[in-house]
1. Using the basic label-point model (7 angstrom from Cα toward the beta carbon), what is the residue 170 to residue 258 distance in nanometres?
2. Given N residues in the chain, what is its alpha carbon radius of gyration divided by 2.2 N^0.38 Å?
3. Run the numbers on the chain and let me know its relative contact order in percent, using alpha-carbon pairs under 8 Å that are six or more apart.
4. Using a cut-off of 17 Å between alpha-carbon atoms, which aspartates and glutamates can reach residue 101, once sequence neighbours fewer than 8 places away in the same chain are excluded?
5. What nm value, rounded to one decimal, do you get for the distance between residue 127 and residue 65 when each label is placed 7 Å out toward the C-beta?
6. For residue 372, which aspartates and glutamates qualify as cross-link partners when the Cα separation must be under 15 Å and same-chain residues fewer than eight apart are set aside?
7. Could you tell me which of the pairs 99/174; 73/251; 152/238; 9/348; 50/174; 174/348 are separated by over 26 angstrom between their Cα atoms in the structure shown?
8. Provide Rg and Dmax in Å for the range 237-330, with only Cα atoms included in the calculation.
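Values quoted throughout were computed directly from the atomic coordinates according to the rules given, and no laboratory measurement underlies them. Predicted model, so just to flag it, every value in this text is computed and none were measured. Quick reminder, even Gly has a Cβ in these numbers, built from the backbone with ideal geometry, and neighbours come from all protein chains shown.
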Amino acid sequence: MAILIQNIKELIQVEDAPQIMARGAAMSQLQTIQNAWLLVEGDRIIDFGKMPFIDFGIRNSEFGLTVIDAAGKMVFPSFCDSHTHLVYAGSREIEYIDKIKGFSYEEIAKRGGGILNSARRLHEASEDQLVEQAMERLNEIIMFGTGAVEIKSGYGLNLEDEMKMLRVIRKLQKLTPLTIAPTFLGAHAVPSEYKGKQGEFVNLVINEMIPQVASEKLASYIDVFCDRGFFTVEETTKILEAGLKYGLRPKIHANELDYSGGIQVGVRHNALSVDHLEFTGQAEIDCLLESETMPTILPGAAFFLEMAYAPVRQMITAGLPVAMASDFNPGSSPSGNMQFILSMACIKYRMLPEEAINAVTINGAYAMGLSKDYGSIARGKKANVFITKPIPTYAFMPYAYGSNKVDTVILNGEVIFDSSYLKPD
Ligand code: NIG
Ligand code: FE
């Protein structure tokens, strides 16, 4: 099966020589082709160029050719959402109301809400219920343009339930056309039965959970919530070292609530990414500059919890790359809409549309270890793209916040969603 998209108003984020990420000044570079065509065969991008499309016999090949006319529309590489917790049971709007009344995220957590609340609900839910709820969320983010997504465990807080979450993620990998990067987040919060015995819980993560996760090959990455009131730098060090012995590369929660040392401990262990980063100063920026770690910002959580916004302009000016992800979870960011993240990037972090697009595509792909195959339109990369509705410029994507500008979704070289099906004949 081959697909030719022709008369594309503008083909976005094309690369002749693919880069693994965009950093510093390069984040404002975005290569595009106006009046373009894109050819996909099997699950790969074969070629692209300027109209007219020269037919070298594809039309008569054994694959057959579907032609899509994209006049007035643009084609983007699918979004790469490198940080989510989208396997969870139920929702937490009660806490949302508490937040409106003035309680902080940490106060809610101390009262047994927050992550512990989701852990109780997850414990009661069956694997099938979790799969069903997560599939709904995955189908929704597909329609908003996401093509690859990281999903964490972390609402288990004991061996059995953590394994249940990771097995659900494995099932999702078989059920969805999305590419999923699985992360083990055993140390997300200390369960109430370990109150005052946090060291014992850390040992449980190290001695029982990590070996089991590794033996069933259920995760590629390891995460720790290294922050004030959650896990210390020392505990994080122990957990990351244990994970690295099993080949689990760190991708950690850091500096959301304080200058926690999380960024430094992540970089010391060659983390693929450090995420949140609301509390980032010059020392943290200097440390990241010496690393291969992707600083990842989660605008949805900062917005939903009304936190300070990470100093993204300062980071980019210093020469750092920045990725942006949704953090889709029931407590701090109950949305996986990456188009909203794109708008937040421009509005709240003062990123240019080009920088924001790089943050949610190639840099997000890097933060999942997937940038060789995802995150841009390049020959040989996975054919994960979306066609927009007719839009005047690509800056319209972040500008027109709140509405869905995605018209057609192609994942693994197949049309997965086409909004014209929704239109009356
Ligand atoms: O990324 N910060 C830690 N974990 C999640 C929130 C999880 C929850 O509240 O359920 C986050 O914001
Ligand atoms: Fe998170």
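1. Placing both labels 7 Å along Cα→Cβ, they lie 3.8 nm apart.
2. Details: Rg = 21.2 Å, N = 425, 2.2 N^0.38 = 21.9 Å.
Rounded to two decimals, the normalised Rg is 0.97.
3. Values: 962 pairs, mean separation 91.5, N = 425.
Taking the mean separation of contacting Cα pairs over the length of the chain, I get 22 percent.
4. Excluding near neighbours in sequence, the set is 93, 306.
5. For the pair residue 127/residue 65, the computed spacing is 4.5 nm.
6. 15, 16, 43
7. Working: 99/174 37 Å; 73/251 36 Å; 152/238 20 Å; 9/348 29 Å; 50/174 36 Å; 174/348 37 Å.
Violating the 26 Å limit, Cα to Cα: 99/174; 73/251; 9/348; 50/174; 174/348.
8. Reported Rg and Dmax, both Å: 12.8, 38.
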